[in-house]
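Colleague: Sending over a structure as structure tokens; questions will come in a sec.
The values are calculated or read from the model by the stated rules, or taken from the named source; none is laboratory data. Note that the structure is predicted; figures quoted are calculated from it, not measured. We place every Cβ from the backbone using ideal geometry, glycine too, and count neighbours over all the protein chains shown. Side chains included, ligands, DNA and RNA excluded: accessible areas come from the protein's heavy atoms. Shrake-Rupley method; radii C 1.70, N 1.55, O 1.52, S 1.80 Å.
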Amino acid sequence: MPNLLLIDDEIKLRGLLKRILELEGYHVSEAGDAKSAIQLLEKQDIQVVVCDVKLPDAHGVELTKQLKAAFPLVEFILLTAYGTIADGVQAVKNGAFDYLTKGDDNDRIVPLVARAVEKAELQQKVKRLEEKVRQKVGFERIIGTSAVLQQAILLAQKVAQTDTTVLLLGETGTGKEVFAQAIHHESPRRDKPFVALNCSAFSREILESELFGHRAGAFTGALKDKKGLLEEAHGGTLFLDEIGEMSLDLQAKLLRLLETNSFYKVGDTKPTHVNVRFVAATNRNLRQEAEQQHFRLDLYFRLSVFEITLPALRERPSDIPLLVAHFVQLYAKKMNRSVPSISSEFLQKLAQHSWKGNIRELKNVVERAIILLPPQAELTPQELPYDIQGLHDSSVLGIVPLAELEKQHIRRVLQHTQQQKPEAARLLGIGLTTLYRKIEEYKL
């Protein structure tokens, strides 16, 4: 039931309007002055305020401006016995939904309140959706309670509110892009694009074109103008992953961009101006790379204004059960599997592993375990790779030929994918032609 608030010092008129609106199905609260109205707004979830212009302690038009700033999702309808065009215009400028004259507009009040309630509820719904989306990509998405992780999160939360360039350091698989997304979505730029570019994924020429864009005819195959990722990220954040892989000449162009907020597209003679916040990441020691002249020292200083080092998974073993629970839920839902429980032995084996691939490696291990898990069974060490189980020799494994182990594993993956061979090859990490050869060899 929508909640309304009537603000009017005329008790009889207020009571009459309250009865009319309650007959329409609204819950109506009353206040005789601005002070008591503010107290009610702070305590109750009000959608629409119907307010008289002349109050004992305030002017309704100015009060609307004050309350709209404090309660932006609430809609305000102003009532006056002596309406003027100037007051009406100013009321709307101050954020009022509408402005009515008492007596002349009685027939309008009920449908007007209905429209105001509809708008207020829509605004509240949009806000809830925005908060839900922000929660999925914000710092709440980062799983773990260990002290080293919380310290990294605290630093990222502080720098997120600024426009400062951030350099994320850490081993492969520690979640640098997740941190970069969280920094963006907790920043004032959250409503603008977040664009990610892996600098190690392209050759020098393609990386330059992807980052800066090009003009038609700049090189063979450039048939039309192309916007680079810098322009795509205008107003938002550009995440440069594996920045240590960028060539020295492109580093020079990037440095100029950071200093001037402008760049030249490939084949262009006029500069393009952008407003972009930069977050970079690397698993290298850039200071050492710079000293060895493999990375520009001036660019390193420009990027490392605010450094955050993300901890390796082996430095936060207490977070492993939380991460496992998250990945089990994720892949069980994706594969339509039921995983009733996770054994303590399963978690113990994971806690003892060195995790050179960090969270990414753990994620892959959990996905593999759920594929191998019998229906409705508990996750046990049996579903883990042999190196994590600690099984390294034939006396522990039993004398089983390697080919037999491979045959059984391929059979179980094919059963899981319902004989979809391309998907099975992907999960096994082998080529499709290799899978067909194995199927024929093992007569599967």
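Colleague: Any residue in segment 381-391 that is touching a helix residue (DSSP H, G or I) at 6+ places or on another chain (Cβ under 7 Å), over 29 Å from D319 (Cα atoms) and at pLDDT 85 or above?
Modeller: No, every residue in segment 381-391 fails to be touching a helix residue (DSSP H, G or I) at 6+ places or on another chain (Cβ under 7 Å), over 29 Å from D319 (Cα atoms) and at pLDDT 85 or above.
Colleague: Residues that are of a type in the set (K, R), out of contact with any helix residue (DSSP H, G or I) (no Cβ under 8 Å at 6 or more places or on another chain) and farther than 24 Å from F327 by Cα: does segment 176-183 have at least one?
Modeller: The answer is no, given that none of the residues of segment 176-183 is of a type in the set (K, R), out of contact with any helix residue (DSSP H, G or I) (no Cβ under 8 Å at 6 or more places or on another chain) and farther than 24 Å from F327 by Cα.
Colleague: Look at L322 and say whether it is outside any loop (DSSP other than H, G, I, E, B) and surrounded by fewer than 16 Cβ atoms within 10 Å (Cβ to Cβ).
Modeller: Spelling it out, L322 is indeed outside any loop (DSSP other than H, G, I, E, B) and surrounded by fewer than 16 Cβ atoms within 10 Å (Cβ to Cβ).
Colleague: Filter segment 343-361 for residues that are of a type outside the set (A, V, I, L, M, F, W, C) and outside any helix (DSSP H, G or I); which is least open to solvent (accessible area, probe 1.4 Å)?
Modeller: Looking at the filtered set, the residue picked out is S343.
Colleague: Among what's in segment 326-342 and is surrounded by 15 or more Cβ atoms within 10 Å (Cβ to Cβ) and touching a strand residue (DSSP E or B) at 6+ places or on another chain (Cβ under 8 Å), pick the residue that is farthest from I388 (Cα to Cα).
Modeller: Residue satisfying both the conditions and the ranking: V339.
Colleague: Just checking, which of P2, P72, P111 is within 28 Å of K125 (Cα to Cα) and touching a His at 6+ places or on another chain (Cβ under 8 Å)?
Modeller: Exactly one residue qualifies, and that residue is P2.
Colleague: Only residues that are crowded, with 21+ Cβ neighbours inside 10 Å, β-branched (V, I, T) and part of a helix (DSSP H, G or I): list them for segment 1-58, please.
Modeller: Correct list: empty.
Colleague: Sticking with this structure for a sec: Can you tell me which residue in segment 64-93 is surrounded by the most Cβ atoms within 10 Å (Cβ to Cβ), limited to those that are modelled with pLDDT under 85 and part of a loop (DSSP other than H, G, I, E, B)?
Modeller: G83
Colleague: Only one of Q124, Q157 is over 22 Å from G357 (Cβ atoms), at pLDDT 95 or above and part of a helix (DSSP H, G or I). Can you tell me which?
Modeller: Result: Q157 is the single residue among Q124, Q157 that is over 22 Å from G357 (Cβ atoms), at pLDDT 95 or above and part of a helix (DSSP H, G or I).
Colleague: Another question, if that's okay. For segment 144-161: of the residues being touching a residue at least 40 places away in the same chain (Cβ under 8 Å) and among the polar types (S, T, N, Q), which is nearest to R316 (Cα to Cα)?
Modeller: Among those residues, the one meeting the criterion is S146.
Colleague: Hey, another quick one. Output yes when any residue across segment 289-311 is over 21 Å from E245 (Cβ atoms), touching a Phe, Trp or Tyr at 6+ places or on another chain (Cβ under 9 Å) and open to solvent by 10 Å² or more (accessible area, probe 1.4 Å), and no when none is.
Modeller: No, there is no match, as no residue in segment 289-311 is over 21 Å from E245 (Cβ atoms), touching a Phe, Trp or Tyr at 6+ places or on another chain (Cβ under 9 Å) and open to solvent by 10 Å² or more (accessible area, probe 1.4 Å).
Colleague: Can you tell which of S247, S262, S203 is at pLDDT below 90, open to solvent by less than 70 Å² (accessible area, probe 1.4 Å) and closer than 28 Å to E289 by Cβ?
Modeller: Result of the check over S247, S262, S203: S203.
Colleague: Assess whether L297 counts as being without any contact (Cβ under 8 Å) to a residue 12 or more places away in the chain, out of contact with any strand residue (DSSP E or B) (no Cβ under 8 Å at 6 or more places or on another chain) and more than 24 Å from R141 (Cβ to Cβ).
Modeller: For L297, the condition - without any contact (Cβ under 8 Å) to a residue 12 or more places away in the chain, out of contact with any strand residue (DSSP E or B) (no Cβ under 8 Å at 6 or more places or on another chain) and more than 24 Å from R141 (Cβ to Cβ) - is met.
Yes or no, residue by residue, for (1) hydrophobic (A, V, I, L, M, F, W, C); (2) in contact with a helix residue (DSSP H, G or I) (Cβ under 8 Å, 6 or more places away or on another chain):
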{"position": "L21", "(1), (2)": "yes, yes"}
{"position": "L40", "(1), (2)": "yes, no"}
{"position": "D57", "(1), (2)": "no, yes"}
{"position": "A70", "(1), (2)": "yes, yes"}
{"position": "A81", "(1), (2)": "yes, no"}
{"position": "V113", "(1), (2)": "yes, yes"}
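Colleague: Considering each of G228, G217, G221 in turn, give the residue that is buried (at least 21 other Cβ atoms within 10 Å of the Cβ), out of contact with any Lys or Arg (no Cβ under 6 Å at 6 or more places or on another chain) and of a type outside the set (F, W, Y).
Modeller: G228
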